[in-house]
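The values are calculated or read from the model by the stated rules, or taken from the named source; none is laboratory data. Bear in mind the structure is a predicted one, so any value in this text is a computation, not a measurement. Methodologically, a virtual Cβ is constructed for each residue, glycine included, from the backbone with ideal geometry; neighbour enumeration extends over all protein chains shown. Areas reflect the complete protein model, heavy atoms only, side chains present, ligands, DNA and RNA absent. Shrake-Rupley method; radii C 1.70, N 1.55, O 1.52, S 1.80 Å.
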Amino acid sequence: MSVGHYENFPVGSVILPRRLRKPVHAVYAFARTADDMADEGCMPSEVRLAELEGLRRELDVLASGGRPAHPLIARLDAEAVVPFGLDLQPFYDLLSAFSQDVVKTRYAHFGELADYCRRSANPVGRIMLALYGKTDAVGVAQSDGICTALQLVNFWQDVAVDWQKGRVYIPQDDLAKFGVSEGQIAEGRADAAFQRLMAYECRRAFRMLKAGSPLARELKGRIGLELRMIVLGAQLILQKLDACGYDVFAQRPVLDKKDWLIMLKKALWK
């Protein structure tokens, strides 16, 4: 997830094997376009949902063996689905998550948030594994853990950004547990209570990254290097969040050129 919303998607990376670049670009185009449909704040919800439903119907055409009319889905079919025999369910899951983003802006507990990540993030990892030809249960489970963690890291660095969109991804029961109100988020106040809350959320994401990280060492060649860099990048963002006292209102933690050099060095030696 590389540009904008998809910060951890390895789009256009020279590290990726050449044979995977076209299908990855096609998958990215689908995911980014659908995500943008969900995030078009100036458009009524009904219009955004109708656009996403249009893509879903085009997937139905694919599933029934027909030829999709939408150029985005036709490209996805020609460059990724047919050549690699991809399952369509991950694409349906992505559309389900994007549609949910249009209508759901709060999450009662972590279980709800994890279910959203299961559909918004995990499909990307599953698609990438399928393109690479790795579909064993252990690898898929490790990929799911990494992808959910990446989504969570993105949420925690974007608390302020998401608030401006009217969304709060921090579970409501966690807010209550740590004594943090939405009013405090609106004020941009990173006090001790907010810091404890964010440290708690970040530790959970770190544990999930660590649990899935053996996959990054198991995968060989460029795809393994790419995944190791992605995991290392997420860990660095978590470190930056801790270093700034979780004050995501003052500055959104991002990776700089020095970080990328560190990530590459570590990834090559792992």
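If you average 1/r over every pair of different alpha-carbon atoms in the stretch 149-270 and take one over that average, what Kirkwood value in Å do you get? Each step should come with its number before you reach the end.
On the way: mean 1/r = 0.0656 Å⁻¹.
Taking every pair of different Cα atoms in the stretch 149-270, averaging 1/r and inverting gives 15.2 Å.
So what is the diffusion coefficient of the stretch 84-173 in µm² per second by Stokes-Einstein at 20 °C and 1.002 mPa s, using a Kirkwood Rh over Cα pairs?
Numbers: Rh = 13.8 Å.
Answer from the Stokes-Einstein relation: 156 µm²/s.
Beyond 24 Å in Cα-Cα separation lie the following of the pairs K220/K265; K104/K134; K210/K265; K240/K265; K104/K257; K104/K177: K104/K134; K104/K257.
According to the square roots a ≥ b ≥ c of the eigenvalues of the Cα gyration tensor, what is the shape class of the stretch 35-120, taking rounded for a/c under 1.5, prolate for a/b larger than b/c otherwise, and oblate for the remainder?
Working: a/c = 2.80, a/b = 1.52, b/c = 1.85.
Oblate, because a/c is 1.5 or more while a/b does not exceed b/c.
Taking every Cα-Cα distance in the stretch 184-236 and sorting them into 5 Å bins starting at zero, the pair-distance distribution P(r) comes out as 4, 18, 20, 16, 13, 10, 8, 7, 4, 0 percent.
Counting only protein heavy atoms and a 1.4 Å probe, the chain has 46 square angstrom of accessible area per residue. A199 label point, 7 Å along Cα→Cβ, cut-off 17 Å on backbone N: hits in the stretch 216-244? Zone members listed by number: 238-244.
Kirkwood analysis of the Cα pair distances in the chain returns a hydrodynamic radius of 19.3 Å. Using the Cβ-Cβ distance between L264 and F110 with R0 set to 22 Å, the FRET efficiency works out to roughly 0.10. A simple spin-label model places the labels of R189 and V138 5.0 nm from each other, with each point 7 Å out along Cα-to-Cβ.
Take the Cβ-Cβ distance between R67 and M43 as r, set R0 to 22 Å, and report the resulting FRET efficiency rounded to the nearest 0.05.
Efficiency, from the Cβ-Cβ distance: 0.20.
Distant-in-sequence amide contacts of L219, defined by a placed amide H-H separation under 5 Å and a gap of 5 or more residues or a different chain, comprise nothing. Packing here is the average count of other Cβ atoms within 10 Å per residue, and on that basis the peptides 262-268, 230-236, highest first, run 230-236, 262-268.
Suppose R0 equals 30 Å. What FRET efficiency, 1/(1 + (r/R0)^6) with r the Cβ-Cβ distance, do S181 and A243 give to the nearest 0.05? Efficiency at R0 = 30 Å is approximately 0.75.
Calculated from DSSP H runs of 4 or more alone, at -39500 (n - 2.57) each and per residue, what is the 222 nm mean residue ellipticity of the chain, nearest 500?
Numbers: 14 runs with 186 residues, N = 270.
One gets -22000 deg cm²/dmol as the mean residue ellipticity at 222 nm.
A convex hull fitted around the alpha carbon atoms of the stretch 18-74 yields 79 Å³ per residue.
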